[in-house]
Amino acid sequence: MFDDLTDLYQQLILDHSKGPRNFRVLPDANRTAQGTNPICGDNYTLYAKVDGDMVKEISFQGSGCAISKASASLLTESLKGRTIAEAKNLFNKVHDLVTTGNLDGDVGKLAALAGVHKFPARVKCAILPWHALMAAVEGKGETVSTETEKELS
Amino acid sequence: MAQPLILEPEIKLNTSASSRRQTQPVAWAYLREDFPILDQKVHGQPLLYLDNAATSQKPRAVIDALSRYYERDNANVHRGIHELSNRATAAFEAARVRAAKFLNARSADEIIFTRGTTEGINLVAAAWGAKFIKRGDKILLTEMEHHSNIVPWQLLAERTGAQLVFLPINGDRGLLDPGQLDEFLTSDVKLLAMTHISNSLGTINPVAEYCERARQRGIVTLIDAAQSAGHRPLDVQQIGCDFLALSAHKMCGPTGIGVLYGRGERLEETPPYQGGGEMILSVDFHRSTWKQAPHKFEAGTPDISGAIALHAAMDYLDGIGRDRIAQHDLELGAYAFEKLAALKGIRLFGPPIGRAGLVSFLLDGVHAHDVVTVADQRGVALRGGHHCNQPLMKKLGVESTARASFYFYNTTEEIDRFVEVVREIKKFFGT
Ligand SMILES: Cc1ncc(COP(=O)(O)O)c(C=O)c1O
C-alpha cells in the first residue's frame with residue numbers, strides 16, 4: 001500500500017538527506033547561486049569551481065526537506081568533473097525524470113529521484129537545487145525561486 | 001413583498017443531524033453525516049481532514065442553500081423590480097441581518113460583505129487608514145499576525161510614512177504579555193490590529209482586554225477573527241473593537257465571501273473603498289455621491305449566493321451551539337497537544353492549555369513537508385509550511401511547521417489515529 005512512499009523515499013534518498021555529501025562552503029568557488037522555495041522555506045546555496053567549461057568542484061549548503069536535500073547531494077556527486085554542457089544535459093534528464101518518471105539514458109544514482117513524479121507537490125523540491133545549479137554555472141549568481149516556476153521550468 | 005423562498009434554515013436544520021441533539025451532549029462524530037465530503041477514502045485510507053484552519057468543510061445545508069438559490073431565485077440585487085430580483089435582494093439583506101445577529105452588532109448597517117478576512121483588512125487599511133493615518137503615526141500589531149494583517153499595513157505605512165510596531169510573544173509558548181501592553185500604547189499609536197486566534201500557534205488572545213485598554217487611549221482597534229468566527233461565540237460589543245474581519249470559508253461557508261464588521265461611527269467617517277455600481281446615489285460625469293454604510297463599501301454586484309450560503313452556515317453553527325463548539329475545540333486542542341507532547345523528539349508551538357483546536361509541531365530531523373507527504377499517504381490531511389506567518393516563523397527560528405487543525409466534526413479517536421501516524425513517520429525517517 002505504501003509503494004509510492006517507498007518509491008519517493010528510497011533508501012538512497014533517506015541516506016543522502018541524513019548525511020548529505022559535499023555539504024560545505026567552497027572557499028575558492030567562482031560560481032554561486034541560491035535556490036529558495038518561499039512556500040516551505042527550503043533554502044540552498046550552490047558553490048562551484050568552474051575551470052574553462054569544466055566543473056572542477058561543487059558543494060552546497062542550506063536547509064530543506066529530505067527530497068530537496070538528497071537531490072542537492074546527489075547533484076554534487078554526479079556533476080563533479082563534468083563539463084557545463086554535460087551539466088545542462090543532465091539537468092534536462094532530471095527535469096524529465098521528476099516530472100514524468102521517464103528515464104532517458106543512464107543517470108546513475110539520480111534514478112532514485114524517479115518516485116518524485118507521483119507527488120506533484122514535491123517536484124519543486126527535487127528540482128530546486130538543479131535550477132540553482134543552472135544559475136550558478138551560467139554565471140547568473142542570482143537567487144532562483146520556485147515561485148517563478150514558469151520561467152524556471 | 002415576496003418572501004425569499006430560499007431561506008428556511010430553521011426548517012432545514014431540523015432535518016440535519018445537528019439539531020436533533022440540541023439539549024443532549026453533542027455526538028460529534030454523528031455530525032459528520034452532514035458533511036458529504038468527509039465520507040471518502042484518500043490513498044486507500046479513510047480521509048482524516050485536519051486542515052480546517054486553512055478551510056473548513058461544508059455541511060449539506062450550505063451546499064443546498066447555494067444550489068437552491070441558483071435553481072430558484074438567482075437575479076441581481078438592489079436593481080430589478082421583478083420578482084426574482086426582489087427575492088434575491090431580500091435574501092441578501094436577510095444574510096446581512098443574520099450576520100449582525102451572529103456578531104451581536106448594533107445594526108445590520110455595521111455589516112459589510114467582503115471577499116474574506118483579507119479584503120476586510122485591506123478595506124480598513126485603504127479607506128479608513130488613508131484618511132486617518134498620517135506620517136509619524138504608529139500602527140500596533142503582534143508578532144503572530146497572518147500576512148493578511150501585516151502586508152496591508154505595510155502598504156499603508158509606505159504610502160503615509162507611518163510606522164509598524166509589533167507586540168512580542170514569549171517564544172514557543174506563543175503568548176502575548178498583557179503586562180507589556182501599556183508601554184506600547186504610546187500617544188502616537190492610532191490603530192491596534194491583532195488576531196483573535198493565531199493560525200500557527202493556537203493562541204487565543206484576550207482581545208476584549210486589549211481593545212478596552214486601547215480604546216481608553218482613543219486608539220482604533222481591528223480584530224482578525226478568521227480563526228475564531230466559526231469556533232466560538234463572537235460578540236463585537238463585548239470585545240469592544242471598532243472593526244472585525246472574518247472569512248465564511250473557515251466556518252462552514254463558501255469561499256469568496258466574508259464579513260467586515262465596522263462600528264457605526266467608524267463607518268460613517270470612512271470614505272468609500274472602491275467605486276462603481278451599487279454604492280452610489282447619483283453619478284455625474286465629474287462627480288458622484290454615494291450611499292450610507294454599508295452600501296458605500298460594496299461596489300459592484302456582490303457575492304449574493306455566497307452571502308446566502310453564509311447565512312445557512314451561521315444557522316448551522318448556531319444549531320449546534322457555538323459555546324459547545326468552543327468547548328469541544330478546547331478539548332481537542334488540549335488532547336492533541338498532550339498526546340504529541342508525550343512523543344520524543346518533537347517540538348510543539350503555542351500554549352499547552354487554553355489553546356484553540358490546532359497544533360503546530362516539528363519532528364527532530366524531519367522537515368514539515370516530509371511529514372505532510374507521508375501523512376497524506378495515510379489519508380491524513382495536514383498542512384506544512386509557514387502558514388502565511390513568515391515573520392512569526394523567523395521569530396521562532398524555524399522555516400516551517402507541520403500543523404493539524406481540528407473542527408467540531410473531528411473526534412479524539414481521530415486524534416489518536418493522527419498521533420499514531422506521527423509515530424509511524426518518526427519511525428519511517430528513523431528518528
Ligand atoms: C489568522 C488568519 N487571518 C487571516 C486569514 C486570511 O483569510 P482569507 O484568506 O480567507 O482572507 C487567515 C487564513 O488563512 C488566518 O488564519
Next on the checklist: Can you pull out every residue in the stretch B:350-370 that is surrounded by fewer than 24 Cβ atoms within 10 Å (Cβ to Cβ) and either at the interface with chain A (Cβ under 9 Å from one of its Cβ atoms) or among the β-branched types (Val, Ile, Thr) (or both)?
Outcome noted: B:353, B:365, B:366
Checklist entry - Is it the case that some residue within the stretch A:65-75 is outside any loop (DSSP other than H, G, I, E, B), open to solvent by less than 50 Å² (accessible area, probe 1.4 Å) and among the basic types (Lys, Arg)? => result yes
Checklist outcome for this item: Going through the stretch B:132-153 in order, the residues found to be of a type in the set (Val, Ile, Thr), out of contact with any Lys or Arg (no Cβ under 9 Å at 6 or more places or on another chain) and part of a loop (DSSP other than H, G, I, E, B) are B:150
Item to check | Whichever residue in the stretch B:201-233 is of a type in the set (Lys, Arg) and away from the ligand (no atom under 16 Å from the Cβ) and, among such residues, is surrounded by the most Cβ atoms within 10 Å (Cβ to Cβ) | outcome: B:213
Checklist entry - Which of the residues belonging to the stretch B:55-80 are open to solvent by 30 Å² or more (accessible area, probe 1.4 Å) and either touching a strand residue (DSSP E or B) at 6+ places or on another chain (Cβ under 9 Å) or within 18 Å of residue B:402 (Cβ to Cβ) (or both)? => result B:55
Checklist entry - Of the residues A:20, A:38, A:27, which single one is within 14 Å of chain B (Cβ to nearest Cβ) and without any contact (Cβ under 8 Å) to a residue 60 or more places away in the chain? => result A:20
Checklist entry - Quick one: how many residues across the stretch B:130-179 are in contact (Cβ under 8 Å) with a residue 12 or more places away in the chain and in contact with a strand residue (DSSP E or B) (Cβ under 7 Å, 6 or more places away or on another chain)? => result 27
Checklist outcome for this item: Counting only strands (runs of 3 or more DSSP E) wholly inside the stretch B:216-288, the ones holding at least 1 residues that are among the polar types (S, T, N, Q) and modelled with pLDDT of 95 or more are B:220-224, B:243-247
Checklist entry - Which one of B:184, B:166 is within 16 Å of the ligand (Cβ to nearest atom), aromatic (Phe, Trp, Tyr) and open to solvent by 30 Å² or more (accessible area, probe 1.4 Å)? => result B:166
Item to check | Among the candidates A:93, A:124, residue that is within 14 Å of another protein chain (Cβ to nearest Cβ), more than 18 Å from residue A:23 (Cβ to Cβ) and part of a helix (DSSP H, G or I) | outcome: A:124
Checklist entry - Can you spot a residue in the stretch B:188-200 that is among the charged types (D, E, K, R), more than 16 Å from the ligand (Cβ to nearest atom) and in contact (Cβ under 8 Å) with a residue 40 or more places away in the chain? => result yes
Checklist outcome for this item: Per the filter on the stretch A:21-64, residues of a type in the set (A, V, I, L, M, F, W, C), buried (at least 22 other Cβ atoms within 10 Å of the Cβ) and under 28 Å from residue B:385 (Cβ atoms) are A:33, A:40, A:46, A:60
Item to check | Members of the stretch B:289-301 found to be part of a loop (DSSP other than H, G, I, E, B) and either touching a His at 6+ places or on another chain (Cβ under 8 Å) or open to solvent by 40 Å² or more (accessible area, probe 1.4 Å) (or both), listed by number | outcome: B:291, B:292, B:301
Next on the checklist: Residues that are open to solvent by less than 30 Å² (accessible area, probe 1.4 Å), of a type in the set (Gly, Ala, Ser) and touching a Cys at 6+ places or on another chain (Cβ under 8 Å): does the stretch B:234-245 have at least one?
Outcome noted: yes
Next on the checklist: Just to be sure I understand, how many residues within the stretch A:97-121 are within 14 Å of chain B (Cβ to nearest Cβ) and open to solvent by 70 Å² or more (accessible area, probe 1.4 Å)?
Outcome noted: 3
Checklist outcome for this item: In the stretch B:125-147, residues that are within 13 Å of the ligand (Cβ to nearest atom) and buried (at least 21 other Cβ atoms within 10 Å of the Cβ) total 5
Checklist entry - Restricting attention to the stretch B:94-102, does a residue exist that is away from the ligand (no atom under 16 Å from the Cβ) and in a strand (DSSP E or B)? => result no
Checklist entry - When residue B:151 is evaluated against the numbered criteria (1) within 13 Å of the ligand (Cβ to nearest atom); (2) hydrophobic (A, V, I, L, M, F, W, C); (3) open to solvent by less than 40 Å² (accessible area, probe 1.4 Å), which criterion, by number, is the only one it fails? => result (3)
Checklist entry - Out of the stretch B:371-396, which residues are crowded, with 20+ Cβ neighbours inside 10 Å, more than 10 Å from chain A (Cβ to nearest Cβ) and over 13 Å from residue B:198 (Cα atoms)? => result B:375, B:380, B:382, B:383, B:396
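The values are calculated or read from the model by the stated rules, or taken from the named source; none is laboratory data. This structure is a prediction, so every number in the text was calculated from the model and none was measured. All Cβ positions, even for glycine, are placed from backbone atoms using ideal geometry, and neighbour counts span all protein chains on display. Just the protein is used for accessible areas: all its heavy atoms, side chains included, with ligands, DNA and RNA removed. Shrake-Rupley method; radii C 1.70, N 1.55, O 1.52, S 1.80 Å.
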